[in-house]
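A.B. asks: Handing you a structure now.
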Amino acid sequence: MKFVSRSRIVLSVLFGLDVLRGAGAPGTFKVSEFTFARPANWEWVESTSQMRKAELKVVDAKTQATADVVFYHFGQGAGGDTRANVDRWLGQFVEPRDKINAKVEDATVGNHKVTYVSAEGTFKSGMPDASPTPMPNYALVGAIIESAEGGVFVKMTGPKDLTRSATAEFRKMVESALK
């Protein structure tokens, strides 16, 4: 009898933490000069890295697969130019560039140039100084927003099908901050 009561208490506490985690998640958040609107069904992630200015997680309700969305801003003149970052992102795949369905598209939204990047293949996940973990059937969707305060880099990586299905919402989120 005590075991059942303790189990119920533990479950209630865990459920309460999930509710609180969702309740405390910001609907909008700022990276550099831009205020982004978080898609309602994307989870807020507390970042443990000073390099990451914001983090979100996209969860597939059917499969529980997840894609990570990370925002970076290093300040004026830092973080490299757009071309260098595009090349670095596309270089995060095992396959050569001509085999990853790489796409680079320049757009102007409001007063800002945005470079969108996408690719699919075996993504090399991990920290730059560590041995990467190959993630087959993955995709990357990214946006580089040019600004006088320094570029803002937004990168979503995850299973190909999930990332593809979240691309329109990703673009909407990026562009909502620029209008």
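The values are calculated or read from the model by the stated rules, or taken from the named source; none is laboratory data. Treat the numbers as computed from the prediction; the structure is a model and nothing was measured. Virtual Cβ from ideal backbone geometry, glycine too; neighbours counted across all protein chains shown.
A.B. asks: Test T122 against the stated conditions and say whether it is under 18 Å from V141 (Cα atoms), surrounded by 13 or more Cβ atoms within 10 Å (Cβ to Cβ), among the hydroxyl-bearing types (S, T, Y) and in contact with a helix residue (DSSP H, G or I) (Cβ under 7 Å, 6 or more places away or on another chain).
C.D. replies: Considered against the rule, which asks whether it is under 18 Å from V141 (Cα atoms), surrounded by 13 or more Cβ atoms within 10 Å (Cβ to Cβ), among the hydroxyl-bearing types (S, T, Y) and in contact with a helix residue (DSSP H, G or I) (Cβ under 7 Å, 6 or more places away or on another chain), T122 comes out as no.
A.B. asks: If you don't mind, another one. Show the residue pairs meeting these rules: Cβ distance below 7 Å; 6+ apart or different chains; first residue within segment 31-51 and at positive phi; second residue modelled with pLDDT of 95 or more and of a type outside the set (D, E).
C.D. replies: As it stands, the answer is S32/V152, since those pairs meet every condition given.
A.B. asks: Turning to a different aspect of this structure: Please count how many residues of segment 72-95 are over 15 Å from G151 (Cα atoms), touching a residue at least 24 places away in the same chain (Cβ under 8 Å) and touching a helix residue (DSSP H, G or I) at 6+ places or on another chain (Cβ under 9 Å).
C.D. replies: 2
A.B. asks: Does S131 count as modelled with pLDDT under 95, surrounded by 14 or more Cβ atoms within 10 Å (Cβ to Cβ) and not hydrophobic (A, V, I, L, M, F, W, C)? First the steps, then the outcome.
C.D. replies: On the way: modelled with pLDDT under 95: yes; surrounded by 14 or more Cβ atoms within 10 Å (Cβ to Cβ): no; not hydrophobic (A, V, I, L, M, F, W, C): yes.
Judged against the criteria, S131 is not a match.
A.B. asks: Still on this structure: Return the residue satisfying two criteria in turn: it lies in segment 113-128 and is farther than 18 Å from L162 by Cα and out of contact with any Asp or Glu (no Cβ under 6 Å at 6 or more places or on another chain), and of such residues it is modelled with the highest pLDDT.
C.D. replies: V114
A.B. asks: Could you list all residues from segment 136-165 that are buried (at least 23 other Cβ atoms within 10 Å of the Cβ), over 19 Å from A84 (Cβ atoms) and either aliphatic (A, V, I, L, M) or in contact with a His (Cβ under 9 Å, 6 or more places away or on another chain) (or both)?
C.D. replies: A139, M156 - these are the residues of segment 136-165 that are buried (at least 23 other Cβ atoms within 10 Å of the Cβ), over 19 Å from A84 (Cβ atoms) and either aliphatic (A, V, I, L, M) or in contact with a His (Cβ under 9 Å, 6 or more places away or on another chain) (or both).
A.B. asks: Residue under question is T48, and the condition is that it be surrounded by 13 or more Cβ atoms within 10 Å (Cβ to Cβ) and either in a strand (DSSP E or B) or not acidic (D, E) (or both); does it hold?
C.D. replies: Values: surrounded by 13 or more Cβ atoms within 10 Å (Cβ to Cβ): no; either in a strand (DSSP E or B) or not acidic (D, E) (or both): yes.
It is false that T48 is surrounded by 13 or more Cβ atoms within 10 Å (Cβ to Cβ) and either in a strand (DSSP E or B) or not acidic (D, E) (or both).
A.B. asks: A further question follows. Scanning segment 73-102 for residues that are over 20 Å from E55 (Cβ atoms), out of contact with any strand residue (DSSP E or B) (no Cβ under 7 Å at 6 or more places or on another chain) and not acidic (D, E), which turns out surrounded by the most Cβ atoms within 10 Å (Cβ to Cβ)?
C.D. replies: Among those residues, the one meeting the criterion is G80.
A.B. asks: Search segment 1-45 for residues being modelled with pLDDT under 85 and surrounded by 13 or more Cβ atoms within 10 Å (Cβ to Cβ), and hand back the single one that is farthest from G75 (Cα to Cα).
C.D. replies: Among those residues, the one meeting the criterion is R21.
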